[in-house]
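Taking it in order: structure first as structure tokens, then the write-up.
The values are calculated or read from the model by the stated rules, or taken from the named source; none is laboratory data. Quick caveat: nothing in here was measured; it's all calculated off a predicted structure. A quick note on method: Cβ atoms are made from the backbone with ideal geometry, for glycine too, and the neighbour counts reach across all protein chains shown. Remember, those area values only see protein heavy atoms, side chains included, never the ligands or the DNA or RNA. Shrake-Rupley method; radii C 1.70, N 1.55, O 1.52, S 1.80 Å.
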Amino acid sequence: MKHLSILRGGVAALAIAAGGMAQAEVTVLGWPGGPEEAALRAVTEVYNAKPDLAEENKVELLFTSRDGFFDKLQVDLAAGSTAFDVNLIATYSIGRYAPFMEPVTLSDQAGAVFGDTVLKTMQFDGQQYGVPTDLSLHFLYFRQDLIDALLADDAAKAKYAAIAQEHLGKPLEPKAPADWTWEDFVANALYFSQSVNPDSPTRYGTVIQAKNLLFNMMVFHSWPRSYGGNWMDDAGNITVDSEAYRTALSQAKLLFDLGATPPDSTSYEYAEANAAYASGQVAAMVQWNAAASELTAAQATTGTTAPPAGPDGKFTHIHGLGLGLNKAAENKEGAIAFLQWLSTEEAALAYAKAGGAPGLAAETAAKLAADRPDLVQVGEYASTYGFVMNGGTSEKALSVYEAQAKEFTGYWAGTQDLDTALKNTTAAMTELLK
Amino acid sequence: MSKKTRRENAILASPMVLFLLAILGFPTVLSIVYGFSETSFETLTRPEFSGLANFADVLSDPTFWQAAWFSLRFGLITALLQCALGLALAVYLAPLVERHGWTVAVLIIPIMVAPAMMGLMYRLVLHEFAGPLPHYLYAWFGTAPSFLGPAHVFKTVVLAETLQWTPFAFVLFLTAYQAIPSELREAAAVDSARPWDVFRHIEWPLMRPTLYVALFVRFIDGFRVFDNIYTLVGAGPGGSTTSMSIYIYESFLRRGEIGKAMAAAILLFLTAFLLLAFGQRLTKGRTE
């Protein structure tokens, strides 16, 4: 009998605890690991320490693993999970998650803090689905020491011009990376590849991460965009089978064929490409801004600038990570209050100081110039060169990237020709974006 | 079999059958429902019956056939390689194992590693700039093959699978080899039979049933390969390393084509089932 009473008491205590937990907090499912987690933890501490914050609206963080994160989130949201009130979203997956989320109204400061370009990375069908917390875009990373040596050596310049003449049909001259077009990028990559120039100090001129993986297409598609490429025209017609895409894909293919990127790079993603550059055997690469500290630490003479230009100018893909409201949230009121606070200047500055990478408008970023000069560059590039393809936030955007990854990597690896790759991509995108 | 025996068998088997129904029944029924329905993540709880549309979609998808061809080639080649190597190792190392039984534990270490971990390990080991193998090849020969490049990736994944699972075939063959009555070998020795003749006329015929079992187990395992290839090279450039399982995974989670993925899974199951049935019949015919 005594045991039974203890058991009953225990069950009751657990029930109270469980019930209390369900209502006593705002649960936030964040992006695990890396600076995003550290920054979210830091701002959560700031928020929870507010004296006027009710106990039941304090924020509790939840982290899982990055592996298959978006797939698991998809299943959780579709199943109406109440395990979290606020969840991570990304620009390219908003359309996929929107049916299971609710739009949010941000604070009055949001426009001034982030700017319209960055806020748009969290919009779908004209509605705001999240607070932008981290912005990703691309830098051109290059070895300044190699460029300086090239620019100071007339014989090297002549060789550079001869290589450009032979492979690109025109005698290009070496330039500072900030002034590069994509043709200069290709010429530079060929010059610094030992397969083309046996005297090159590096084994490869560049590294293109070309694993059949959707994120790699994000890195690539600034290239066709600068030639005027887009996924769709205003009428909704798929436009990837265009001169812009053909030019960009062919130029990249030339680098694969001539050994200017490691032959294994058809299996490379972010980490492998960074390892290649960090080894000192690669002269330049286009990579996510998040790699800046890693690559600079590995190669001290690394310089960064915006990706090369095409006839339409310079462009960089941008996408944001952010936090939005789960439609099945149990504590919506508390969740909305947290999201609104997260879109204030106070929160954005605290998030940035703790290591996050929010895309901030110039005026806000200037307040961090001493602590985070990189955010000034990110903010400037995002507002000047940032773009999202037509259809880039649609429900099937991720699948579009998947289809492109499969077809384009097949072309680069030589398993199919350009016409087939573009025909298959167009067919897949027509089906996905109809 | 008497009526009483049959009843007893049914009673004894029922807990296992009920357990299997509980564990496998629900997902199986759900897979079949989704396989015949138009389903997405938005309509998981209200699938709409679409007849054989998903199956038609799958069968008319070139990527499915590419994946099927990859799985077939991969399954056959790896099964043959593993069985050939496993058999050779078992026969060659049997005397050593007889004296030092612990060597088996060392030899089967690769199968204790999770395939996904094995894929990640090779991803590191074979990386041109971070991996020890290319590093030493460059240091010694000034060059290294691109193990994961388009020209070699199939050979690399076959080799990785073979190195991991040959010990499994080895254990099967070793067990069969050790089960051969020693009197047979002694009688052959009395007749002055050479080792090759002993193997050819005594050991090989007695180990043949094990070979069929090993071939089938390894073929099915290779045919449905997923983890190590996915973690090593993903679906491959142009889908060149997309196995049937990777095709199903990507259709389901990456493209949200749940009905199509389930239809492909049902086809994979039926193929494996038919191959197994055919294999059993073949094995039975050869051993009778």
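Tabulated values for the structure
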{"quantity": "Rel. contact order, % - alpha carbon contacts under 8 angstrom, at least six apart, chain A", "calculated": "27"}
{"quantity": "Protein-protein interface of the stretch A:50-98, residues with accessible area decrease of at least 30 Å², isolated chain reference, 1.4 Å probe", "calculated": "A:Asp71, A:Gln74, A:Val75, A:Ala78, A:Arg96"}
{"quantity": "Share of carbon and sulfur in the accessible heavy-atom surface of the protein assembly as shown [1.4 Å probe, %]", "calculated": "62"}
{"quantity": "For B:Ser37, residues with placed amide H under 5 Å, excluding near neighbours", "calculated": "B:Ser50"}
{"quantity": "Translational D in µm²/s for the stretch A:290-344 (Stokes-Einstein at 25 °C, 0.890 mPa s, Kirkwood Rh from C-alpha pairs)", "calculated": "158"}
{"quantity": "Anisotropy class of the stretch B:61-287 from Cα gyration tensor, a/c 1.5 cut", "calculated": "oblate"}
{"quantity": "Accessible-area ranking of B:His201, A:His138, largest first, probe 1.4 Å", "calculated": "B:His201, A:His138"}
{"quantity": "The stretch A:263-324 versus the stretch A:345-395: alpha-carbon centroid distance in Å", "calculated": "18"}
{"quantity": "Net charge, A:Pro132 excluded, C-beta distance under 15 Å - Lys, Arg +1, Asp, Glu -1", "calculated": "-3"}
{"quantity": "Threshold 40 Å², the stretch B:219-264 residues less accessible with all protein chains present than alone (1.4 Å probe)", "calculated": "B:Pro237, B:Gly238, B:Leu253, B:Arg254, B:Arg255"}
{"quantity": "Accessible surface, per residue, of the stretch B:61-287 when the full set of protein chains is kept, probe 1.4 Å, Å²", "calculated": "50"}
{"quantity": "Chain B - percent relative contact order, Cα under 8 Å, separation 6 or more", "calculated": "31"}
{"quantity": "Size of electric dipole in the protein assembly as shown: Cβ of Lys, Arg +1 and of Asp, Glu -1, about Cα centre, debye, nearest 20", "calculated": "2880"}
{"quantity": "Karplus 3J(HN,Hα) series, Hz, for the stretch A:303-315 with 6.51 cos²θ - 1.76 cosθ + 1.60 (x for Gly, Pro)", "calculated": "x, 10, 8, 6, x, x, 9, x, x, 8, x, 8, 9"}
{"quantity": "Cα gyration tensor category, rounded, prolate or oblate, for the stretch A:335-434 with a/c compared to 1.5", "calculated": "prolate"}
{"quantity": "Beta bridges by DSSP in chain A, antiparallel share as percent, to the nearest 5", "calculated": "70"}
{"quantity": "Local electrostatic count at A:Tyr401 - Lys and Arg +1, Asp and Glu -1, tallied over other residues with Cβ under 15 Å", "calculated": "0"}
{"quantity": "Derived scalar couplings ³J(HN,Hα) [the stretch A:90-101; Karplus, 6.51 cos²θ - 1.76 cosθ + 1.60; whole Hz; x for Gly, Pro]", "calculated": "10, 3, 6, 10, 4, x, 6, 9, 3, x, 10, 10"}
{"quantity": "Cα-based reach from A:Lys367 at 27 Å (exclusive), listing lysines while leaving out same-chain residues under 8 positions away", "calculated": "A:Lys50, A:Lys120, A:Lys314, A:Lys353"}
{"quantity": "Summed residue charge, Cβ within 9 Å of A:Asn331's Cβ, Lys/Arg positive, Asp/Glu negative", "calculated": "-4"}
{"quantity": "Derived scalar couplings ³J(HN,Hα) [the stretch A:146-151; Karplus, 6.51 cos²θ - 1.76 cosθ + 1.60; whole Hz; x for Gly, Pro]", "calculated": "5, 5, 4, 5, 5, 5"}
{"quantity": "The stretch A:319-397, relative contact order [Cα under 8 Å, separation at least 6], %", "calculated": "19"}
{"quantity": "5 angstrom amide H check on A:Val26, placed H, neighbours 5+ away", "calculated": "A:Lys58, A:Val59, A:Glu60"}
{"quantity": "Per residue solvent-accessible surface (Å²) - chain A, probe of 1.4 Å", "calculated": "38"}
{"quantity": "Sites B:Met16 and A:Val75 - FRET efficiency at Förster radius 25 Å, r taken between beta-carbons, to 0.05", "calculated": "0.25"}
{"quantity": "Accessible area buried between chains A and B, both sides summed, probe 1.4 Å, in Å² to nearest 100", "calculated": "2700"}
{"quantity": "Order of exposure, largest accessible area first, which applies to B:Val125, A:Val186 with probe 1.4 Å", "calculated": "B:Val125, A:Val186"}
{"quantity": "Degrees between helix A:182-191 axis and first principal axis of chain A (Cα, 0 to 90, nearest 10)", "calculated": "70"}
{"quantity": "Cα gyration tensor shape of the protein assembly as shown, rounded if a/c is under 1.5, else prolate or oblate by comparing a/b with b/c", "calculated": "oblate"}
{"quantity": "B:Met117 accessible area, assembled protein chains, probe 1.4 Å, Å²", "calculated": "110"}
